[in-house]
Protein chains: 2
Amino acid sequence: MKIINNPAKQTWSSLCKRAVINENSLQETVRTILNDVKLNKDKALTKYAQLLDNVSLNSFKVTEEEIAEAKKLVSEELQQAIQLAKSNIETFHNSQKEAPKKITTTRGVTCWRKNVAIEKVGLYIPGGSAPLFSTILMLGVPAKIAGCKEIILCTPPNKEGAINPAILYTASLVGITQIFKAGGAQAIGAMAYGTETIPNVYKILGPGNQFVTKAKELIQQQGVAIDMPAGPSEVLVIADETSNPVFVAADLLSQAEHGADSQAILVTTSDKVAQNVAAEVNKQLEELPRRELAKKAIKNSFTVVLNSSEKCIQFSNEYAPEHLIIASEKASEYVGGIINAGSVFLGNYSCESAGDYASGTNHTLPTNGYAKNYSGVSLDSFVKKITFQEVTKEGITAIGKSIEIMAEAEGLQAHKNAITVRLKELNN
Amino acid sequence: MKIINNPAKQTWSSLCKRAVINENSLQETVRTILNDVKLNKDKALTKYAQLLDNVSLNSFKVTEEEIAEAKKLVSEELQQAIQLAKSNIETFHNSQKEAPKKITTTRGVTCWRKNVAIEKVGLYIPGGSAPLFSTILMLGVPAKIAGCKEIILCTPPNKEGAINPAILYTASLVGITQIFKAGGAQAIGAMAYGTETIPNVYKILGPGNQFVTKAKELIQQQGVAIDMPAGPSEVLVIADETSNPVFVAADLLSQAEHGADSQAILVTTSDKVAQNVAAEVNKQLEELPRRELAKKAIKNSFTVVLNSSEKCIQFSNEYAPEHLIIASEKASEYVGGIINAGSVFLGNYSCESAGDYASGTNHTLPTNGYAKNYSGVSLDSFVKKITFQEVTKEGITAIGKSIEIMAEAEGLQAHKNAITVRLKELNN
């Protein structure tokens with residue numbers, strides 16, 4: 001790993017820049033697919049399944065039999081692990097529920113917010129080599145707690161038209177309403193517009209490749225909400241002399257194995273820590289099955305040595321990492337300074353893997369510096385916060401005159417009149 | 001107002017469709033302006049101020065002297081009205097603060113969320129005939145409560161290069177950091193990219209014309225967050241025999257005066273209420289200074305008569321109104337059924353004007369049916385919710401094995417290894 005010693009502050013922002021993807025042709029391709037799905041619905045899905053996923057599908061909807069069959073194929077051990085993770089995720093997301101608080105702002109004027117579930121949501125789970133059943137927990141559990149009525153899931157099948165059993169098991173466990181065999185931009189289009197088989201939804205969440213990401217961006221402009229903009233995954237580890245270089249190296253590599261475009265950044269006050277971690281990274285790298293990917297990611301990554309822990313936190317805030325690990329026995333001392341991060345892991349035993357699977361926090365987080373302006377997925381992602389107000393006769397008498405004055409000053413006479421007719425009635 | 005009697009349920013969704021704006025050429029125009037501002041910064045702003053707002057500006061930044069001068073021009077009466085509104089908005093948005101709640105999901109595994117302010121936000125306030133100082137309260141007050149460090153405001157000046165005194169007074173009252181004379185898509189570009197004078201921000205909020213809306217949509221794709229997608233303002237009133245037709249008509253018209261594309265929908269179980277309100281609308285319309293606009297809006301609006309209050313709420317949920325007024329003495333009976341709405345006004349004295357200015361709720365709300373999947377602006381709009389977790393030795397011992405099993409099943413060996421190295425250390 002490249003080590004950069006005490007970079008001047010003016011250079012930080014360029015160090016923190018993420019790679020930019022050239023995507024001109026991508027937009028046109030995805031737009032074509034979306035329009036096709038909008039127009040030709042299931043027929044278009046069948047075509048793209050054949051064309052892009054190389055599979056002939058008679059039906060997109062996963063049957064009860066397929067789900068029952070899948071359950072038999074998931075080991076007891078894995079089922080229990082998934083159940084433990086689900087339980088922790090439930091506990092944490094349950095704690096995010098908010099009861100309406102009625103607030104009197106002026107006597108006779110009561111205001112409150114009520115969280116109401118988004119009725120129909122769609123989850124996207126990518127296919128490929130790794131079956132990301134953990135992401136079903138992260139999206140399905142809060143959707144269920146929020147009370148979403150329709151929670152559908154789209155995921156691409158393999159060439160035999162089957163879906164990984166662990167995905168079906170987990171989807172059934174969390175209570176997904178309907179599961180469909182559909183992947184890529186076409187699946188996003190199906191959930192945005194609806195087809196004969198797949199219902200349209202109001203919000204689409206979940207990770208995906210560049211086609212999926214672009215499709216989500218485009219349908220967002222058409223009024224369907226999405227979880228957040230996406231980018232490659234990343235971790236920033238702040239390590240001091242109380243950290244364990246073996247742990248830090250393992251954490252950096254667990255990020256690096258996601259893909260060649262992942263970034264794993266080490267920030268430390270200690271040159272010795274930097275050297276030890278670099279040596280450990282090289283050693284552990286050789287043992288990894290996905291080492292070719294991880295090597296490329298490490299090449300895009302770097303270590304920064306800075307001369308104070310304050311500067312380490314400042315650098316991290318500038319980078320705004322998706323995952324921030326404070327690898328230190330004194331982790332709690334860093335907490336107050338953290339401004340921009342998706343999810344934070346405190347202390348030498350809080351590894352990113354814990355949050356990726358089972359600590360209870362959500363692993364769908366803002367990447368690409370978006371931690372400066374976006375939150376990760378939470379119960380909030382599945383509700384609208386509707387405001388209510390109840391103004392009594394006493395209330396309108398107290399605030400009516402002020403409203404009349406302001407409406408008049410804004411040139412909105414009818415707004416004023418809505419108050420005037422009420423005050424007049426009360427004075428009769 | 002057109003009255004539709006007991007429309008069949010299959011026709012509801014077409015009744016609820018909003019007008020679609022054709023915007024092909026708009027996108028290209030706005031993209032050109034944004035690119036120009038990105039490249040030429042202040043120079044581009046000067047050019048567009050001349051070209052589009054017909055004003056020569058030497059400097060964009062509003063000075064302390066201009067603010068002090070403005071204060072003298074705002075009547076004592078208006079100042080007090082604005083202060084009352086500010087106080088109520090503060091009370092309600094203060095109640096939205098959340099203290100971190102530490103949750104133990106498994107012994108030794110503690111998770112919590114901490115709300116941290118978005119550091120830099122930009123507010124846009126349109127110019128034109130009505131100086132919308134009330135929107136400064138709605139955006140500036142929660143930004144200040146959240147703790148945003150930089151809260152800038154852009155608003156177009158008049159041809160003399162001046163800004164309406166009530167806008168400057170209110171901006172100064174809520175503690176806006178810097179005020180700039182810039183309007184339209186170019187102002188959005190300036191806040192997104194930064195210029196020599198105007199700092200870039202991470203999130204842009206506030207209403208605007210179609211150029212501003214399109215610019216916000218485009219910069220959102222470039223990583224700057226926005227409050228929500230925008231559309232014309234709208235109200236849906238549910239009225240029963242306990243409502244007051246004079247009040248209902250005044251409320252419908254207060255919506256209609258916003259613009260020709262505004263919608264004001266009446267839903268009622270009573271044909272008599274429908275007739276009485278229609279007559280009152282025609283009567284009050286003639287008195288309004290903005291009656292030409294309001295007449296056009298009323299033409300695009302309609303009344304629906306349905307045969308039960310349940311159906312009225314169902315229709316409202318299908319429409320998903322920005323503002324929902326329950327004009328009834330039995331308003332509380334309707335609350336449980338409300339699924340899709342931006343802000344709800346309960347009872348005959350809770351008019352929309354109250355929420356527009358001074359009840360304490362926010363008036364920046366989802367339009368265009370977006371109440372199905374978006375919330376209005378609140379304190380949440382100005383913070384990121386960062387998750388934290390602290391896993392102790394005991395904690396990793398409890399959940400480590402499950403994480404190893406899941407990581408292995410997802411084919412992520414390095415994720416598993418981050419646990420393995422820790423468990424190994426603990427077993428030594």
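The values are calculated or read from the model by the stated rules, or taken from the named source; none is laboratory data. Just so we're clear, the structure is a prediction, and the values are computed from it rather than from any experiment. All Cβ positions, glycine included, derive from the backbone under ideal geometry; neighbour counts span all protein chains shown. These accessible areas exclude ligands, DNA and RNA; they are computed on the full protein's heavy atoms, side chains included. Shrake-Rupley method; radii C 1.70, N 1.55, O 1.52, S 1.80 Å.
Per-structure values
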{"read-out": "Nearest-first distances (nm) between copies at A:S270, label 7 Å from Cα via Cβ", "value": "7.8"}
{"read-out": "Förster radius 22 Å - calculated FRET efficiency between A:N200 and A:L52, Cβ distance, rounded to 0.05", "value": "0.55"}
{"read-out": "Choice from A:P229, A:P245, A:P289 showing the highest fluctuation, given a GNM over chain A with Cα pairs closer than 10 Å", "value": "A:P289"}
{"read-out": "Using distinct alpha-carbon pairs, which all enter the 1/r mean, Kirkwood radius of the range A:198-292 in Å", "value": "15.7 Å"}
{"read-out": "Extension reserve of the A:Q79-A:A19 stretch, reckoned as 0.36 nm per residue once the Cα distance is removed", "value": "17.8 nm"}
{"read-out": "Computed [θ] at 222 nm, helices only, for chain A once each DSSP H run of length n ≥ 4 contributes -39500 (n - 2.57)", "value": "-14500 deg cm²/dmol"}
{"read-out": "Choice from B:F302, B:F315, B:F388 with maximal GNM fluctuation in chain B (Cα, 10 Å cutoff)", "value": "B:F388"}
{"read-out": "Cβ-Cβ FRET estimate between B:T104 and A:K159, R0 fixed at 45 Å, reported to 0.05", "value": "0.50"}
{"read-out": "Distance (nanometres) between label positions extended 7 Å along Cα→Cβ at A:N35 and B:S95", "value": "5.0 nm"}
{"read-out": "Choice from B:N244, B:N40, B:N417 showing the highest fluctuation, given a GNM over chain B with Cα pairs closer than 10 Å", "value": "B:N417"}
{"read-out": "Zero-based 10 Å bins, Cα pair distances in the range B:231-375, whole percents", "value": "13, 47, 36, 4"}
{"read-out": "Unsatisfied cross-links (Cα-Cα over 20 Å) in the set A:K41/A:K181; A:K2/A:K372; A:K17/B:K385; A:K97/A:K384; A:K149/B:K384", "value": "A:K2/A:K372; A:K17/B:K385; A:K149/B:K384"}
{"read-out": "Contact order normalised by residue count of chain B, Cα under 8 Å, 6+ apart, percent", "value": "20 percent"}
{"read-out": "For the range B:158-250, average projected area of the Cα convex hull in nm²", "value": "9.3 nm²"}
{"read-out": "The range B:1-104 - Rg over Rh from alpha carbon coordinates, Kirkwood radius", "value": "1.17"}
{"read-out": "Value of D in µm² per second that Stokes-Einstein yields for the range B:65-131, Kirkwood Rh from Cα pairs, at 20 °C (1.002 mPa s)", "value": "127 µm²/s"}
{"read-out": "Relative contact order for the range A:150-293, counting Cα pairs under 8 Å that sit 6 or more residues apart, in percent", "value": "16 percent"}
{"read-out": "Principal semi-axes in Å for the protein assembly as shown [√(5λ), Cα gyration tensor, largest first]", "value": "47, 32, 25"}
{"read-out": "Descending semi-axes in whole angstrom, ellipsoid equivalent of the range B:23-226, from the Cα gyration tensor", "value": "31, 24, 14"}
{"read-out": "Percent RCO, i.e. relative contact order, over the range A:231-375, from Cα pairs under 8 Å lying at least 6 residues apart", "value": "28 percent"}
{"read-out": "Global geometry of chain A, whether rounded, prolate or oblate, following the gyration tensor of its Cα atoms and the 1.5 cut on a/c", "value": "oblate"}
{"read-out": "R0 of 30 Å, Cβ-Cβ distance A:L426-B:N307: FRET efficiency to nearest 0.05", "value": "0.35"}
{"read-out": "Inter-part distance where the range A:25-82 and the range B:65-99 are each reduced to a Cα centre, Å", "value": "54 Å"}
{"read-out": "Portion, in percent, of the accessible area of the range A:210-297 that falls on carbon or sulfur, probe 1.4 Å", "value": "50 percent"}
